[in-house]
Each structure stands twice: as C-alpha cells, then as structure tokens.
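The values are calculated or read from the model by the stated rules, or taken from the named source; none is laboratory data. Everything quoted here is computed from the prediction, not taken from an experiment. Note that we place each Cβ from the backbone using ideal geometry, even for glycine, and neighbour counts take in every protein chain shown. All accessible areas refer to the heavy atoms of the entire protein, side chains included, with ligands and DNA or RNA removed. Shrake-Rupley method; radii C 1.70, N 1.55, O 1.52, S 1.80 Å.
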Amino acid sequence: NNEDPYGDIWLTDKQPEEHNFSDTKIISLSHLEMTWTNRRNFPALLVRILHKSKLRYYGKPDKKMIEPYQTFLEVADSSGTVSVIMWNALCPEWYKSLRVGLVLLLQDYSVKKSYPFRIQPVPVDPQIKLISTMEICLNLRDPPTNIIIIPEKQVKPEWRLPKLNHRFTTRSELDDMPENCICDVIGLLVFVGRVQRSKKKENREDFWSYRWIHIADGTSEQPFIVELFSTSQPEIFENIYPMAYFVCTQLKVVRNDNQVPKLLYLTTTNESGVFITGHRGQPYTYDAKNANRPSTSQAARVEIQERNGKRHQDDEPVNSQYFQTTSTNLSLSNKIRILQGPHANPVAVPQPGASVQTKGIKPGMPSIFNRRANINANLQGKARKTISDRWESQLWREKKFGLIDHLHYSRVYPESIPRKFMFEHRKFLSDQYNSQPAKYVPPEGRPPKLDDFKSARSLGHFEVTILGLNHEIAIDVAFLPMYCPEDIRTSQIDTLLTSMNYSCAYPQDTTGNDRLPGPRAVAGDIIKAATELDRVHIVGILDICNLGNNKVEVYLHKIYSPENTS
C-alpha cells in the first residue's frame, strides 16, 4: 500500500519537554465549542490522546502536493473529546512520535466545522462529552502549529485529564459479544498468514494490506481470529510471528450466526493499534485488571506448540479466459485467478475476504478425485507414508482417452506447503512465506531446507480433475484443505462442496471419551463425499501460481453448484 510510513522522512525522535505554564492561557474544549465561531485567535489546548488513526494518503497525479498525508487524533480534556486532524508535512514530522495516552499542548491551531459523514470512535469513557460540531486542524503553516509533548510527571491531578479505559476481552467472552462491538485483545500468536491486498475501489490502483492471524489467550480452545489490516505500523505488521505476545486494540466484532459454520472473527478499525515488543510503558500496562491476563497461562503455551503453522493464502482475484495463455505470462511468485463453470448464478457461501464473479466463465464439472497425502510418522527417522484413495466417475472413464487436451497442474511444490512454526527458524520461515519486511536483510549462515520442517496440513493434498462441459478439455488441480483435530466446531461440514467452500474439513462430533478420527478417516470421508458431485455442473475458482523456473501450480480455491443449469 502507499500509506504506510516508510523512509527517513518519518521522524521518531520527538521527546516530552517540560513547559512553563505561567504565561500560557488554556481553554477547555467545551468552552472552545461554544465560542470558536466568534474568535480570531485561539488559546492553547491541553489534552490527552485517546485514539490515533492510521495514515491516509490522498495524493493524486494532478495535485502538486509534496506530502499529501492526513491522520486523525481523538483528544480529550475534562470537558469533552474532539477530533484533531494533522495535515501534510506535519505527518512525517510527528506521526510516529505520537502515541495513545500522551498529553499534548497545542498552540496556533485552526478550527473548522466538522465533516458531517465521519463517524468518531466510541469514547473510552461514556461520561465524556463527544464534541462533533467542530474539528481542530494542525498544519505546518497558515498558521504553523506548535505541538509540545508534556511529560507524564508534570501532569497535575487538578487538570482532570481522562484516563485510558481499555476494553480487554477474553476469547471465552467473545462468543456472547454482539456484532460491531469494539474490544481489545491480548495473547500469544499461534498463526500468522501471508500479507494479502485488496483494492479500495474497483477503478483505482489503491490497495489495502491485510493478513489473518490467530491469537490464543488460554480461556478457550478456540483462538481469536483477526483480520489484521495495516495500522500504519509496518515495523510491526511485517515482522509478526507465532509464539510472540501480541496486543491489538480497537477491534470490531464480525459475526453471522445463520451460516454453517458460524462466522465469528475480529477486524481492525481505523483507530486500531498493535504491539508486539516493548510492552513496558504502553498505556494498557498501567491498567490493574490486565496484570493477570490469561494469555501467559500454561494453556496458551500448550496451544502454541500444538497449533502453529503457516497457511497457503490468496491474492486479489483477476479474471482470465484462457489458462494456458495467462500461466506463461505471470511474473515470479504472482498469482491469478480464473473461473470455470456454467453461465448461471452461483450459490455463494460467505467467507471473509472472498469475492465471486461470473462474467465470461466457462463450463465444467468434477470428474476424478484422487488423494495423495503425506503423513509424517511420530517417530523420527521413519519414512513418510503415502496414502492413496481414489474415486473415478463413469463419465471420466468414457471420455478421458478422447480429450483434445489434458492439463496437468496438480503438483504441490515444497515452497507452497505450509509448515509447522519453529521459533529458532522464524526469520527463515517468514522469508519463505512472503512475510519478510520491505527492507532487505542479508541471510546469516547456511539456511535450513524446507523439507526439514513438518507440514502443517495433516491431510496432505488432493488431486482433482475437472472436465469441461464440452468433454474435450480437462485440467488436474490441487486441493489443500486445512484440518487439525483440535479445531472442533459445533457445526459439522459433511459434504465435499461445503468443505471446498471453506478450504477445511471438520471431524464428526464426538461425545464422552470417543477418540477423534485421524487424517486417514477424514480423508476417506471426503473421497466418499466426492461421489455426490458425479455429473454435477459446478463453478470452479482456481488460483494459478507461477513459482518461476517453469514451475506453475493451480489450486482449487472454491467450487459452487449453480441453482439453475439451464
């Protein structure tokens, strides 16, 4: 994205400085709200930062702005809270030095009527008045704003500046929280996904950067699932890894209890912040109720060891009509998505970050379902066992020798297999899975081999052959469902179609001391469920990955069964 603060122009050395208030006239926010339209000069403001938004870049080719940045601060004194907008060149000078909780003295600012469509974040204290009729503007000129960070030791009780009030939530409490509720979480990272991006608007080349993470706090068998968008903190966003203590503030609850399985995750807001190192001195550490958070419990540590792994992630989908043409034109490690299936409306199952398009798609149906799974033995030194199960439709037996073309793209290369995380090799694994920072760091010593790390997919992968409706072309693709015996859900996905839509497989519900089925049994169920798709018309979404050196992988991302095949 083009909004994160990279480079030397983004200063970080602004320090608190003691100020002599004897000659400084200060006005309260509530008094300023009542009188600002009749004033030409504004007295100083003494406020605490309650929220800090991520940066917004508004540069355009026809605008001659050198540093077109903007950020919002929500600040408060004893009389109310108001939005402060920092513009342009002040952002590189001050953005990285301003933290939530700091006390600021603002002089030579300007005031304007507030933007009517902007929604302010929920106040940390419901007793504080929300001032929404005006905004404070900070500029490098017209007039040049003076910003002073007041040391906490100089803050006097009689100023009655509001304290921060974090809304830390446990994973066990999340199940009962309503949609759009705001909360903060703290725990151990147990899963870190690849960085992905999505377009802000369809007709522009501006992107959001985001990644999926899981945070365990030991209060539940389930982790927090977080859709983590970039928070203008690239030094953290690009360097997170499993087994690290992680804090994320101002998250919003997203849920849908009507779908199977139930949808429940957290997503960042405009004011979200993340912390991974240097927790000492952060505002949330002074809150007594956070002192004994369960994130450091033995349960969380056990979950770390059992569940860590990296996942095969997706990039922004791009429609293409011909597979053979596009696969040879992809740049190194790029990915493109094509769709094949009948001209009909697909039955879309909601999934975070997924989009379905049906223009210009071609017909197809599943024909053969072959499983090649590598299961690592528990004892070291033993060879990996390959289990092969197979289902083949009668239609495929009749048509496979009369094809015009049969494309073979079901091989999965070592660099695409998600691996179990090992803390001592975190840098190597981060580099392998495109999690490395933007700044190049030379490797140290001889790197390990990918095959030395256990796969995070106990099911291995499946090979699926899709036959075109004209029965003249077929393509072999890989299907990689995620399965972990610990990931029990209340709803059972028991059909191949829904398993593919969610890229995961769930074991049958168990009661009492019944043992969970192993990967072999679950894989057998998936093969058995494939027979339900015999001669069924489907819409298939394929991910095409060019790995370089004439290596191309094609993954079955999703399949949909149209409601109307006429």
Seminar exercise, completed: When the range 217-238 is checked residue by residue, the ones that are assigned to a strand (DSSP E or B) and among the charged types (D, E, K, R) are GLU227
Seminar exercise, completed: Flagged in the range 180-205 as surrounded by fewer than 12 Cβ atoms within 10 Å (Cβ to Cβ) and modelled with pLDDT of 90 or more, in numbering order, are ASN180
Exercise. Is there a residue being in contact with a His (Cβ under 9 Å, 6 or more places away or on another chain), assigned to a strand (DSSP E or B) and modelled with pLDDT of 90 or more anywhere in the range 208-215?
Worked result: no
For this session: Starting from the range 409-420, take each residue that is modelled with pLDDT under 85 and list its partners that are polar (S, T, N, Q) and part of a loop (DSSP other than H, G, I, E, B), counting only C-beta distances under 8 angstrom and pairs at least six apart or across chains.
Result: LYS420/ASN308
Seminar exercise, completed: Of those in the range 103-122 that are touching a residue at least 60 places away in the same chain (Cβ under 8 Å) and closer than 14 Å to VAL47 by Cα, the residue surrounded by the most Cβ atoms within 10 Å (Cβ to Cβ) is LEU106
Seminar exercise, completed: The one condition PRO126 fails out of (1) surrounded by fewer than 17 Cβ atoms within 10 Å (Cβ to Cβ); (2) outside any loop (DSSP other than H, G, I, E, B) is (2)
Seminar exercise, completed: Residue set ILE150, ILE131; condition modelled with pLDDT of 90 or more and closer than 15 Å to ILE85 by Cβ; output residue ILE131
Seminar exercise, completed: ASP142: passes all of (1) in contact (Cβ under 8 Å) with a residue 40 or more places away in the chain; (2) out of contact with any His (no Cβ under 8 Å at 6 or more places or on another chain) but (1)
Exercise. Of the residues that make up the range 72-89, is at least one assigned to a loop (DSSP other than H, G, I, E, B), over 20 Å from LEU140 (Cα atoms), aliphatic (A, V, I, L, M) and modelled with pLDDT under 95?
Worked result: no
For this session: State yes or no: is TYR95 part of a helix (DSSP H, G or I) and either modelled with pLDDT under 95 or within 29 Å of the chain's Cα centre (by Cα) (or both)?
Result: yes
Exercise. Of all residues in the range 32-70, which are in contact with a strand residue (DSSP E or B) (Cβ under 7 Å, 6 or more places away or on another chain) and among the hydroxyl-bearing types (Ser, Thr, Tyr)?
Worked result: SER53, TYR57, TYR58, TYR69
Exercise. Can SER53 be described as of a type in the set (Gly, Ala, Ser) and closer than 22 Å to HIS19 by Cβ?
Worked result: no
For this session: Evaluate the range 46-53: report whether one residue or more is of a type in the set (D, E, K, R) and not in a strand (DSSP E or B).
Result: no
For this session: Find the residue count for the range 80-102, including only residues that are open to solvent by less than 10 Å² (accessible area, probe 1.4 Å) and of a type outside the set (Ser, Thr, Tyr).
Result: 9
Problem set entry | Selection status of LYS199, of a type outside the set (A, V, I, L, M, F, W, C) and not assigned by the TED database to the domain that holds HIS31 | yes
For this session: May I ask you to verify whether ILE493 is over 26 Å from ARG411 (Cβ atoms), of a type in the set (A, V, I, L, M), at pLDDT below 80 and open to solvent by less than 30 Å² (accessible area, probe 1.4 Å)?
Result: yes
For this session: Quick one: LYS252 ticks every box in (1) part of a strand (DSSP E or B); (2) over 25 Å from PHE72 (Cα atoms) except a single one, so which number is it?
Result: (2)
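What are the residues in the range 134-145 that are under 25 Å from THR12 (Cα atoms), modelled with pLDDT of 85 or more and either outside the structural domain of SER79 (by the TED database) or open to solvent by less than 60 Å² (accessible area, probe 1.4 Å) (or both), if any?
ILE136, CYS137, LEU138, ASN139, THR145, listed by residue number.
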Problem set entry | Residue check, ARG419 within 28 Å of ILE559 (Cα to Cα), basic (Lys, Arg) and open to solvent by less than 70 Å² (accessible area, probe 1.4 Å) | yes
For this session: Inspect all residues belonging to the range 250-257 and state whether any of them is open to solvent by 10 Å² or more (accessible area, probe 1.4 Å) and at pLDDT below 90.
Result: yes
